[in-house]
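First the structure, in the form of structure tokens, and then the observations on it.
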Amino acid sequence: MLNYNSPINNQINYNDISVKELSPIMKLNLRGKKREFFTAVEKHLDMILPTEANTSSSSSKLTSIWLSPDEWMVVSNNKVEKDSNQYALEESLYNHISKTNLGAVIDVTDHFVMLELEGKNIYELFFSFQSIHN
């Protein structure tokens, strides 16, 4: 388990724009090829993994995104209000996939930061940012 330390501890307000970091949303990277891998994952996720490029599948709690023929990103559809990234789903998948050598389960929650922008000048900020990076 990694300890989650937020770089932004509060909301920042500037010129009618507010920025705050969203609490971490669980993200798991899954890798595997065996038929038993698919069976175990689908049983624990309660959904079928997408098998075609640029596709995804969703349930009420999770979304899985195809990354490559043997790799998927599973993302929680809900925010988790806690300061660590220890998830029951990750532990269950790890025990039934990684420990049995069917594939790999890697928690990548801390690799991405999600920011929430609010305010009446959001579109101006977005288009200014785009013009700088094009």
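Among all residues of segment 86-96, there is at least one that is over 19 Å from the mean Cα position of the chain (by Cα), modelled with pLDDT of 85 or more and under 18 Å from Met47 (Cα atoms). Scoring Glu52 on the criteria (1) modelled with pLDDT under 80; (2) assigned to a loop (DSSP other than H, G, I, E, B) leaves a single failure, condition (1). Looking at Asn29, Asn10, Asn15, just one residue is under 30 Å from Lys120 (Cβ atoms) and touching a residue at least 60 places away in the same chain (Cβ under 8 Å), and that residue is Asn15. The residues listed here are Lys61, Lys79, Lys120; of these, the one that is loosely packed, with under 13 Cβ neighbours inside 10 Å and modelled with pLDDT of 75 or more is Lys120.
Residue count for segment 17-49 under the criterion of being in a loop (DSSP other than H, G, I, E, B), surrounded by fewer than 15 Cβ atoms within 10 Å (Cβ to Cβ) and β-branched (Val, Ile, Thr): the result is 1.
The values are calculated or read from the model by the stated rules, or taken from the named source; none is laboratory data. Being a predicted model, the structure only gives us computed values, none of them experimental. Every residue, glycine as well, gets a Cβ built from its backbone with ideal geometry; the counts of neighbours run over all protein chains shown.
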